[in-house]
Amino acid sequence: MLLYGVVNASPDSLNEDSIATSPATAVARARQLLADGADAIDVGGQGSTDIATVVDWQQEWDRLAPIVPSLASLGVEVSIDTWRPQVARRALEAGATVLNAADGMQDAAMWEVAADFDVPIVVPFLSGPDPRRMQLVERDPVETILEFFAGRLAEADRYGRRDHCILDPGTGFAPPNWPWQERYHYQKHVYSNLDALRRFGRPLYIALPWKETAQHDELLELVVRQQPEYARAHYPRKVRAFEGRLLGHTSGPRA
């Protein structure tokens, strides 16, 4: 499982450990993530939770402009997590190598950016157009996710980019004020049916649970046992420890 460690250049992330708002702190955070078992770095400059303050694209890019080249200098893959094509384009020009499209690739301008840079594209499922206002999924979520990806991949075909797409079931997003127990059962159902997403023949990417509760650990174990090709983690050391315990892998924190 190729693991992206999370660096947040926005000041309002729910995970305060991930916040790094200067090149020096971002590089220090990234180095620690890599030492703890991450293979690559995911960086964003705009929070997507319902409590995050939304800034315009220029301010989002101002947060990222000095940080992206610094992370790229570490010599590992760097994904840019954004729903704005203006930010995506500038980040890829500055050294990012992967597009983590928080809009679910629902904007033609984002496809044009992806086509121009010929990069891998993480496509997350979204119920609705806004990652901060995800709508409740009224029917079976797996069927809804499959329909969404069928549509996104049909659009990818128009740009010759199907082979670049990596599918994310979007469990890192949730409707505002969704109670945890509902979110837990939703995620457990989706994670228990990840094989259904294999019908598209594309790699999978999961935003891994990071909170310290028994239910979060249950979800993390459920994902780790299935070994998606890619994952995003705030605490890669913990993820690698789960891999070692569950799968007998020797990979883990690096000296």
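Please treat every number below as a calculation from the coordinates, not as lab data. All of these numbers come straight from a predicted model, not from anything done at the bench. Here Cβ is always computed from backbone atoms with ideal geometry, including for glycine, and neighbour counts include all displayed protein chains.
Key figures
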read-out	value
Cβ-based exposure ranking for 54, 98, 119, in which fewest neighbours within 10 Å come first	54, 119, 98
Fluctuation leader among 222, 92, 167 - the chain, Gaussian network, Cα springs under 10 angstrom	222
Estimated inter-spin distance, residue 195 and residue 147, nm [label 7 Å along Cα→Cβ]	2.4 nm
Test item: Cα-centred dipole of region 105-255, Lys/Arg +1 and Asp/Glu -1 on Cβ, debye	520 debye
Fully extended contour minus Cα-Cα distance, from residue 185 to residue 214, at 0.36 nm per residue	9.1 nm
Helix-only mean residue ellipticity at 222 nm for the chain, each DSSP H run of n ≥ 4 adding -39500 (n - 2.57), per residue, nearest 500	-12000 deg cm²/dmol
About the Cα centre, charge dipole magnitude for the chain (Lys/Arg +1, Asp/Glu -1 at Cβ), debye	520 debye
180, 111 arranged by Cβ crowding within 10 Å, fewest neighbours leading	180, 111
Karplus (6.51, -1.76, 1.60) ³J(HN,Hα), θ = phi - 60°, over region 151-159, in Hz, Gly and Pro reported as x	x, 5, 6, 4, 5, 4, 4, 5, 9
Nitroxide proxy distance, nm - points 7 Å out along Cα→Cβ at residue 109 and residue 53	2.3 nm
Amide proton proximity set for residue 2, modelled H, under 5 Å, gap of 5+	230, 231
For region 77-88, 3J(HN,Hα) per residue [Karplus equation, 6.51 cos²θ - 1.76 cosθ + 1.60, θ = phi - 60°, Hz, x = Gly/Pro]	4, 10, 9, 9, 9, 7, 9, 10, x, 4, 6, 4
Burial ordering of 199, 161, fewest other beta-carbon atoms within 10 Å first	199, 161
